[in-house]
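What follows is a single structure, written as structure tokens, with notes after it.
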Amino acid sequence: MIDAKTEVYGIIGHPVSHSLSPTIQNFAFCYHKINAVYLAFDVIDLESAIRGIRGLGIKGVSVTIPHKVSVIPLLDRLDELAERTGAVNTILNKDGLLIGYNTDCLGAILAIKEKADIEGKDYVILGAGGAARAIGFGLKKEGANIIIINRTYEKGEALARALGGRSYPWGRIREISGYGLINATPIGMWPNVEQIPISKEYLRNFKVVMDAVYNPLETRLLREAKRLGLVTIDGLKMLVYQGVAQFKIWTGRDAPKEEMLKVAREILRIKEL
Ligand code: NAP
């Protein structure tokens, strides 16, 4: 029951109406019988929103597009991963001190570690945007060798340099092989569900294939990889597991990740009907 002691959490972004986070975080609060509620705030004026978090004593928020980078100067402190990736997707209000974290990294690593090795392995990441950055820094921290392939070569090269890795132009995608391949571009995302970032014959150059795209749940890339018997990791796991890491930061408790995953899968399945 919501009462005078209910703690408030939420997500700030624009747009946010499609977000799965309110459903999975409220599920976790209910599961642990924590008197808290998680709401979606469509935020354009970021400075006012951050002042509001301080003024209203909101306990924690998720930060999504387009505020992940611009929120940084408005915070009091950053944790190491947020500092290194240059992006914040989680804020903890610790007795009035706003601390920024990046759990996209943790979410990706948790999802990958469930099914694949990381240390000493060569991972090829397609893309150099927010998702590629988070996944790249997470993998690098765990000891992987990173190869970035991006449509805009200069952006890919800059990210590869920051990660101590290598980069190649998009046109050379078919010459590259490695242990893992990760799509961190929107290719294959609804409604362009028949798109695939790399021709299926070149998928044999890899053992593990991950897609950051989670809508649809099974992208064409993952479908083709499965057909070849490769290990596949879907984007929903990364999404839910970054939420699991947020829940831990806010409450100190372990979120029910399997149940949260089930709820998120069900919502996406209904949306696809
Ligand atoms: P972003 O910051 O806008 O970056 C997009 C990247 O994809 C850029 O490197 C861009 O290349 C490249 N790209 C876009 N369209 C392309 C195309 N048609 N062909 C080749 N490359 C293309 O976006 P983001 O936040 O990284 O998100 C990327 C994808 O990951 C989205 O589908 C998003 O939904 C998903 N995502 C998933 C999670 C999760 O938890 N599962 C988290 C974050 C994002 P240029 O540099 O050339 O523009």
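The values are calculated or read from the model by the stated rules, or taken from the named source; none is laboratory data. Small disclaimer: the values here were computed from a predicted structure and weren't measured. Cβ placement follows ideal geometry from the backbone for every residue including glycine, while neighbour counts extend to all protein chains displayed. With ligands, DNA and RNA removed, areas are computed over all heavy atoms of the protein, side chains included. Shrake-Rupley method; radii C 1.70, N 1.55, O 1.52, S 1.80 Å.
What residue, of GLY188, GLY164, is on the phi > 0 side of the Ramachandran plot, more than 10 Å from the ligand (Cβ to nearest atom) and either in a loop (DSSP other than H, G, I, E, B) or over 20 Å from the mean Cα position of the chain (by Cα) (or both)?
Within the list GLY188, GLY164, the selection yields GLY164.
Pull out all pairs, ordered by first then second residue, where Cβ-Cβ is under 6 Å, the residues are six or more apart or on different chains, the first lies in the stretch 108-129 and is closer than 22 Å to ARG174 by Cα and at pLDDT 95 or above, and the second is open to solvent by 50 Å² or more (accessible area, probe 1.4 Å) and part of a strand (DSSP E or B).
Sorted first by the residue in the stretch 108-129, then by its partner, the pairs are ASP122/ASN145.
Yes or no: GLU157 touching a residue at least 12 places away in the same chain (Cβ under 8 Å) and either open to solvent by 10 Å² or more (accessible area, probe 1.4 Å) or not aliphatic (A, V, I, L, M) (or both)?
It is false that GLU157 is touching a residue at least 12 places away in the same chain (Cβ under 8 Å) and either open to solvent by 10 Å² or more (accessible area, probe 1.4 Å) or not aliphatic (A, V, I, L, M) (or both).
From the set of residues in the stretch 202-228 that are open to solvent by 40 Å² or more (accessible area, probe 1.4 Å) and under 20 Å from ILE148 (Cα atoms), which is nearest to the ligand (Cβ to nearest atom)?
Here the answer is TYR202.
Output the residue which, of all residues in the stretch 116-138 that are within 15 Å of the ligand (Cβ to nearest atom) and open to solvent by 40 Å² or more (accessible area, probe 1.4 Å), is nearest to GLY52 (Cα to Cα).
In this case the residue turns out to be GLY130.
Suppose the filter is in a strand (DSSP E or B), under 30 Å from HIS18 (Cα atoms) and either more than 20 Å from the chain's Cα centre (by Cα) or within 15 Å of the ligand (Cβ to nearest atom) (or both); does ILE182 pass it?
It is true that ILE182 is in a strand (DSSP E or B), under 30 Å from HIS18 (Cα atoms) and either more than 20 Å from the chain's Cα centre (by Cα) or within 15 Å of the ligand (Cβ to nearest atom) (or both).
Which condition from (1) surrounded by 15 or more Cβ atoms within 10 Å (Cβ to Cβ); (2) more than 30 Å from LYS207 (Cβ to Cβ); (3) touching a Lys or Arg at 6+ places or on another chain (Cβ under 8 Å) is the one that LEU74 breaks?
(3)
Taking the stretch 90-108 as the search range and keeping residues that are assigned to a helix (DSSP H, G or I) and not charged (D, E, K, R), which one is most open to solvent (accessible area, probe 1.4 Å)?
Taking the candidates together, the pick is LEU106.
Note down all Cβ pairs under 8 Å where the first residue falls in the stretch 203-227 and is of a type in the set (Lys, Arg), the second is within 9 Å of the ligand (Cβ to nearest atom) and at pLDDT 95 or above, and they're at least six residues apart or on different chains.
ARG220/GLY188; ARG220/GLN195
Looking at this structure, is ILE173 in a loop (DSSP other than H, G, I, E, B), open to solvent by 10 Å² or more (accessible area, probe 1.4 Å), within 25 Å of LYS115 (Cα to Cα) and among the hydrophobic types (A, V, I, L, M, F, W, C)?
no
Does any residue of the stretch 215-224 turn out to be in contact with a Pro (Cβ under 7 Å, 6 or more places away or on another chain) and assigned to a helix (DSSP H, G or I)?
Taking every residue of the stretch 215-224 in turn, at least one turns out to be in contact with a Pro (Cβ under 7 Å, 6 or more places away or on another chain) and assigned to a helix (DSSP H, G or I).
Scan the stretch 33-89 residue by residue and report those that are part of a helix (DSSP H, G or I) and either within 18 Å of the chain's Cα centre (by Cα) or closer than 14 Å to GLY130 by Cα (or both).
ILE72, GLU80, LEU81, ALA82, GLU83, ARG84, THR85
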